[in-house]
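Since the structure comes first, as structure tokens, the remarks are kept for the end.
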Amino acid sequence: MSDPAELIDPLVSELPTWLPGQRWFGGKDRPISSVHPLGTTVLQEGDPLLLHMIVEVRQDDRVTPYQLLVASREKLPEYLGSSWIGTERGRPCYEATGDADVTGRLLDLIAEGADVGSMRFRHEPGAEVRGGLRGRPITSEQSNTSLVYGGTYILKLFRKVAPGENPDLRLHRALQEQGCEHIAPLLGSITGDLHGEPATLGMLQRFISDAVDGWAMATTSVRDLMADPELPPDQVGGDFAGESQRLGQAVANVHNDLRRALGEQVADAEHIDRVVKAMHSRLDTVVAAVPQLAEHAPALRAAFDRLRELDAPVPMQFIHGDLHLGQVLRTVTGWLLLDFEGEPAATLAERSALRSPLRDVAGMLRSFDYAAHQMLLGEQGEDPKLTERALEWARRNRAAFCEGYAKAAADSLGDPRSHGDLLRALELDKAVYEVAYEHANRPEWLGVPLASIARISSGGE
Ligand SMILES: Nc1ncnc2c1ncn2[C@@H]1O[C@H](COP(=O)(O)OP(=O)(O)O)[C@@H](O)[C@H]1O
Ligand SMILES: O=P(O)(O)O[C@H]1O[C@H](CO)[C@@H](O[C@H]2O[C@H](CO)[C@@H](O)[C@H](O)[C@H]2O)[C@H](O)[C@H]1O
């Protein structure tokens, strides 16, 4: 190939049809009006040629920069057929994260601490990173793309990029500096330029191979309880309450470390007013899309408005922002929290704001509810005995989580259950978010958050 630049324009013209088919593309709800290349870096010359691209995707009034890793070869091997984007100037061009012959280059560049064009590949101070490994994408559903190298490293390539330090990297750095035991060690990063400002493109961590995620463990425990309907929950083999308690403690420890590293503030009336307005506004949007939510709107609004009358001060700090059982890993030594990026649909400014740590507690409490109720999804008609069993599991594990949290929490917080109005409003706000998420992504799950909203807003929990 004489000049890689010759590929760029024809390749970019293929992207409006190719992007909506990608799992990580976050704008599937509206048509793409244009894609514009912001910057291209040649990471490897020859065959295969490896290009890093940042493109700006325009949809109505929304403009979002995305990061792409694209390769081109003289001849595309059959196993890369599903990654094909287009054939430009006679050369097949394809999404490169599935090509283990080229992904190793990213790790090598981090190991070398290299600069290529405006991209900076770095390992963290004191971290040892070994190159020479092939990287393969993980198969689980995700909003970014993560590559695993030899069962040793995991490199997350952030798909949506924004100027500034990604909160995932920022919070991992802060936690690592505090010696936090509840994160996977941070080893390196990739930074590029976006509109003249540094922007995080990737984050390298130790891959934890001997771990199970919290969602898999919790749902196995629910299944065990359902299979033995007569046994009291504490005598069922797969009882999860001990783990829930340890998880609560781990989350409180992470909050403590984030507070120590990055500080805290107490929310003033103006801030609380903004939070309440944001809750109402999210509800307005979701009710418009999901009319079944309308009947619960008055109770939801009343719960949100109660935040204006709280007696106790509301401390705010950096938090995880999208905590659920799928974001925690149980290793042989304890619980790890993953993915401090916040809710995928939120703006960087929203995700980087100080918030009540009880938001993370509320997220996890919602997740216990999900784990219990997803078992009932396929059931024909409601079996009151099974439903009661599910509720019993959720109650037991939610309580254990709060007990664990209280053991390690800051004095200003204590037991999350002692902040009833705040916790209820945050749980309901999260459930409203989940209604929107399920409506857009998994309509068959919509009943899970809707049923919880009905229960919580009627004072059932
Ligand atoms: N350090 C790690 N060790 C082992 N598995 C990991 C690690 N980090 C992430 N994973 C796995 O990758 C999945 C996706 O990671 P995550 O950071 O949540 O990506 P995304 O932001 O795209 O959702 C996780 O659910 C987990 O299964
Ligand atoms: O992990 P992500 O950052 O992509 O989070 C999004 O997807 C989650 C589902 O994968 C979604 O979580 C919801 O479903 C979970 C069960 O699959 C449940 O444990 C969570 O409590 C529930 O919120 C999450 O909301 C969304 O942001």
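The values are calculated or read from the model by the stated rules, or taken from the named source; none is laboratory data. Keep in mind it's a predicted model, so treat the numbers as computed, not measured. In this analysis, Cβ positions are derived from the backbone assuming ideal geometry, glycine residues included, and neighbour counts consider all displayed protein chains. Side chains are part of the model used for accessible areas, which takes the heavy atoms of the whole protein and leaves out ligands, DNA and RNA. Shrake-Rupley method; radii C 1.70, N 1.55, O 1.52, S 1.80 Å.
Miscellaneous remarks
- The range 202-239 - residue that is modelled with pLDDT of 90 or more, in contact with an Asp or Glu (Cβ under 9 Å, 6 or more places away or on another chain) and away from ligand 1 (no atom under 16 Å from the Cβ) and, of those, most open to solvent (accessible area, probe 1.4 Å): D239
- Restricting the range 342-382 to residues that are under 16 Å from the mean Cα position of the chain (by Cα) and of a type in the set (S, T, N, Q), the residue that is farthest from ligand 2 (Cβ to nearest atom): S352
- Residue within the range 302-319 that is within 16 Å of ligand 2 (Cβ to nearest atom) and under 21 Å from I453 (Cβ atoms) present: no
- Figure legend. Inter-residue proximity from the range 161-190: first residues away from ligand 1 (no atom under 15 Å from the Cβ), second residues assigned to a helix (DSSP H, G or I), beta-carbon distance below 6 Å, spacing 6+ or different chains. Indicated pairs: A174/A261; A174/L262; Q178/D257; Q178/R260; Q178/A261.
- Applying the criterion of at least 1 residues that are open to solvent by 20 Å² or more (accessible area, probe 1.4 Å) and out of contact with any helix residue (DSSP H, G or I) (no Cβ under 7 Å at 6 or more places or on another chain) to the helices (runs of 4 or more DSSP H) found wholly in the range 296-412 leaves 297-305, 348-351, 384-408.
- Qualifying residue in the range 242-259 (condition: at pLDDT below 95 and away from ligand 2 (no atom under 16 Å from the Cβ)): no
- The range 225-262, residues that are within 28 Å of D322 (Cα to Cα), acidic (D, E) and out of contact with any strand residue (DSSP E or B) (no Cβ under 8 Å at 6 or more places or on another chain): D239, D257
- Output for the range 143-182, where each listed residue is within 18 Å of D108 (Cα to Cα), part of a strand (DSSP E or B), out of contact with any helix residue (DSSP H, G or I) (no Cβ under 8 Å at 6 or more places or on another chain) and not hydrophobic (A, V, I, L, M, F, W, C): S146
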